[in-house]
Amino acid sequence: MKISLIKHFISIFFTLLFLLLNTSASADVWDDLQGDEYKGNDDIEEYVWKEGDSKAAAYPKDKDLVEISGPPAYRNYQYLIDAENLSVGDDGVVRYALVIRSPSGVDNARYEGIRCISQQIKTYAYGTTDMQGNKKFVGRSEPKWKPVSSTGATGYGSILIANYFCNFESITLKRNEVIQNIKYGKGDVDGMYY
């Protein structure tokens, strides 16, 4: 009986020793993997995101507007995006003109940008009509980045992020991918785009 008890303790000892060594080795491997992407980049703490040019596009023409999904509570409204003048900047911002058309035909236009990585939106300009009846954008004096809303009439921001502009990792898609999503719906990003 003593021998079986000794064998049992020896077995437990070696099992614990194996687990301890195995856990330590896997932690070292994980630490090595974590550090690799920053090795040799001494300026990583110095990186600061800079916004690119946000000059307002021309007021959208009806022929360039494509209907997108709007917030469910506002299904009587049309949400239309100017597919022709949409851009994706080197700064990762998707800039677009959006028209929200009421059931009575009144348009509310805005020129905006969305950052997928931070889930933020900025309204650069609002649509207006001048004294001659021409529609144009008028820039805001100090536009600010704000968190994207998923409620109210401006709840379209979260829809743009989820359905059109960004992939599931919050990375901005390329312009042709965004246009594809707007015109035909979001597909399998890995298999659809080249």
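Basic side chains Lys and Arg get +1 at the Cβ, acidic Asp and Glu get -1 at the Cβ, and with that the dipole of region 62-192 about its Cα centre reaches some 340 debye.
Computed on region 62-192, the Cα convex hull volume stands at 118 Å³ per residue. Couplings 3J(HN,Hα) of region 77-88, computed from phi: 8, 9, 10, 10, 10, 7, 5, 5, 9, 5, 9, 10 Hz, in residue order, whole Hz [Karplus 6.51 cos²θ - 1.76 cosθ + 1.60, θ = phi - 60°; x for Gly and Pro]. Put in order of Cβ neighbour count within 10 Å, fewest first, the listed residues Phe165, Phe137 become Phe137, Phe165.
Per-residue 3J(HN,Hα) values for region 154-170, derived from phi via the Karplus relation 6.51 cos²θ - 1.76 cosθ + 1.60 with θ = phi - 60°, read 9, x, 5, x, 5, 5, 4, 5, 6, 9, 10, 9, 10, 8, 5, 9, 6 Hz in sequence order (x marks Gly and Pro).
Ile114 sits among other residues whose Cβ lies under 9 Å from its own Cβ, and their net charge, with Lys and Arg +1 and Asp and Glu -1, is +2. Ranked by how many other Cβ atoms sit within 10 Å of their own Cβ, fewest first, the residues Tyr79, Tyr126, Tyr96 fall in the order Tyr126, Tyr79, Tyr96.
Readers should treat all values here as calculations from the given coordinates under stated rules, not as data from a laboratory. Quick caveat: nothing in here was measured; it's all calculated off a predicted structure. Glycine gets a Cβ as well: all are built from the backbone with ideal geometry, and neighbour counts include every protein chain shown.
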